[in-house]
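Worksheet for the structure shown next.
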Amino acid sequence: MASLDTSAVAELTYHEYQQRQLREVTEDQLRYRAGQLRKADHFAYVGGQWHHLPYEGYAVVSMVDTNPGNDDVSPRLRAMQGQIATGFDRPDAFFPLPADSFHQTVANTLSAERYHAHVVAAGLTNEYPALVSGAFAQLPQATEATPIRMRLVGVSLFSSAVGILGTFDEERDFDRILRFREQFYADEPLRALTVRRTRPFIGHITLAYFGSLLSEAEKKRLISTCATINDALNREPLFFTVSTTELRSYQHLAHFETRPGYPVYSFIKS
């Protein structure tokens with residue numbers, strides 16, 4: 001596939017991607033990632049309750065609950081959150097995200113300091129969604145008759161969070177997402193605002209953040225619980241069906257908002 005994005009960050013090949021995702025959910029890799037965990041920057045436990053710290057921006061996302069065919073996904077993800085939470089005896093350690101925030105990021109745009117520098121300070125706050133709409137309008141219409149199907153293969157640890165990773169049984173489904181990203185990031189008005197592909201696509205749904213540094217005992221329980229969940233997923237597969245992706249805004253990372261005029265792209269031909 002020819003690349004339309006001239007940024008320095010390359011996408012993974014399908015083979016590299018599949019290997020990477022499956023490696024990240026092994027117990028050895030969970031143990032390695034647990035040794036690198038840090039406290040999350042986006043949420044704080046103060047005065048006996050969780051507070052959402054400001055983190056503004058926009059992203060192109062596929063929400064779990066607004067894509068058809070995912071009725072069993074959120075309940076099973078919530079059950080995983082509950083399993084993991086039992087490994088912590090203190091409320092400040094683990095912040096499970098609300099189910100209505102579950103999503104796959106298809107393309108990052110601008111957030112935090114870059115959003116304020118290139119959109120707010122430039123006086124483009126009201127115009128920015130329309131610029132993204134313009135990029136969507138330039139995308140070719142979908143040619144596939146079926147939705148993208150992502151196999152959720154296991155929970156993995158990120159720098160300050162835990163999420164579930166996805167692979168693709170069909171390489172063409174992986175390519176459909178990469179084509180969208182290539183064409184989206186090639187849009188010149190967005191590139192003028194420094195919208196770039198800053199990391200390769202990684203299929204994942206974030207489940208929770210860690211609100212404090214974990215003890216060695218907590219890390220050990222976390223690794224064991226994640227490995228148990230991953231074994232269960234091998235026996236009872238879970239799939240996330242993606243029909244559309246859309247622009248959403250956020251003031252913090254626990255809520256992704258849609259508004260009239262925000263563009264939606266369908267991966268299924270009309």
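The values are calculated or read from the model by the stated rules, or taken from the named source; none is laboratory data. The structure presented is a predicted model; accordingly, all values stated were derived computationally and were not measured. Virtual Cβ from ideal backbone geometry, glycine too; neighbours counted across all protein chains shown. Keep in mind that these areas ignore ligands, DNA and RNA; they rest on the heavy atoms of the full protein, side chains included. Shrake-Rupley method; radii C 1.70, N 1.55, O 1.52, S 1.80 Å.
Which ones in segment 209-220 are crowded, with 17+ Cβ neighbours inside 10 Å and more than 22 Å from the chain's Cα centre (by Cα)?
Residues satisfying the conditions are Leu214, Glu218, Lys219.
May I ask you to verify whether Glu182 is in a helix (DSSP H, G or I), modelled with pLDDT of 95 or more and open to solvent by 10 Å² or more (accessible area, probe 1.4 Å)?
yes
Considering each of Phe174, Phe136 in turn, give the residue that is of a type outside the set (Ser, Thr, Tyr) and surrounded by fewer than 21 Cβ atoms within 10 Å (Cβ to Cβ).
Working: Phe174 fails: surrounded by fewer than 21 Cβ atoms within 10 Å (Cβ to Cβ).
From the options Phe174, Phe136, the qualifying one is Phe136.
Tally the residues that are open to solvent by 10 Å² or more (accessible area, probe 1.4 Å), assigned to a strand (DSSP E or B) and in contact with a Ser or Thr (Cβ under 8 Å, 6 or more places away or on another chain), restricting the search to segment 78-104.
Number satisfying all stated conditions: 1.
Please specify each residue of segment 21-52 satisfying the condition of being open to solvent by 60 Å² or more (accessible area, probe 1.4 Å), more than 12 Å from Leu157 (Cα to Cα) and touching a residue at least 24 places away in the same chain (Cβ under 8 Å).
Within segment 21-52, Leu22, Lys39, Asp41, Tyr45, His52 qualify.
Tally up the residues in segment 34-48 that are out of contact with any Ser or Thr (no Cβ under 7 Å at 6 or more places or on another chain) and at pLDDT 95 or above, please.
Result for segment 34-48: 2.
Please work out which one of (1) touching a residue at least 24 places away in the same chain (Cβ under 8 Å); (2) within 18 Å of the chain's Cα centre (by Cα); (3) within 25 Å of Glu246 (Cα to Cα) is the condition Met80 fails and give its number.
Unmet for Met80, out of (1) touching a residue at least 24 places away in the same chain (Cβ under 8 Å); (2) within 18 Å of the chain's Cα centre (by Cα); (3) within 25 Å of Glu246 (Cα to Cα): (3).
What are the residue pairs meeting all of these: first residue in segment 252-267, first residue closer than 21 Å to Phe180 by Cα, second residue in a loop (DSSP other than H, G, I, E, B), Cβ atoms under 7 Å, and 6 or more apart or on different chains?
Hits for this filter: Tyr265/Leu139; Ser266/Ala142; Ser266/Ser243; Phe267/Ala142; Phe267/Glu144; Phe267/Pro147; Phe267/Ser243.
For the structure I just gave you, tell me whether Thr206 is open to solvent by less than 40 Å² (accessible area, probe 1.4 Å), of a type in the set (Val, Ile, Thr), in contact (Cβ under 8 Å) with a residue 60 or more places away in the chain and not in a helix (DSSP H, G or I).
Considered against the rule, which asks whether it is open to solvent by less than 40 Å² (accessible area, probe 1.4 Å), of a type in the set (Val, Ile, Thr), in contact (Cβ under 8 Å) with a residue 60 or more places away in the chain and not in a helix (DSSP H, G or I), Thr206 comes out as yes.
With touching a residue at least 60 places away in the same chain (Cβ under 8 Å) and out of contact with any Phe, Trp or Tyr (no Cβ under 8 Å at 6 or more places or on another chain) as the only criterion, which of Thr125, Thr167, Thr143, Thr109 stands out?
Thr143
When Ala217 is evaluated against the numbered criteria (1) outside any helix (DSSP H, G or I); (2) among the hydrophobic types (A, V, I, L, M, F, W, C); (3) free of Cβ contacts under 8 Å to residues at least 24 places away in the same chain, which criterion, by number, is the only one it fails?
Every listed condition holds for Ala217 apart from (1).
Answer yes or no: is there a residue in segment 221-240 that is open to solvent by less than 20 Å² (accessible area, probe 1.4 Å), assigned to a strand (DSSP E or B) and farther than 24 Å from Arg31 by Cβ.
yes
Consider Ala142 against the criteria (1) outside any helix (DSSP H, G or I); (2) open to solvent by less than 30 Å² (accessible area, probe 1.4 Å); (3) under 27 Å from Met80 (Cβ atoms): it satisfies all of them except one. Which criterion is unmet?
(3)
All but one of (1) surrounded by fewer than 16 Cβ atoms within 10 Å (Cβ to Cβ); (2) outside any helix (DSSP H, G or I) hold for Pro75, so report the exception by its number.
Condition (2) is where Pro75 drops out.
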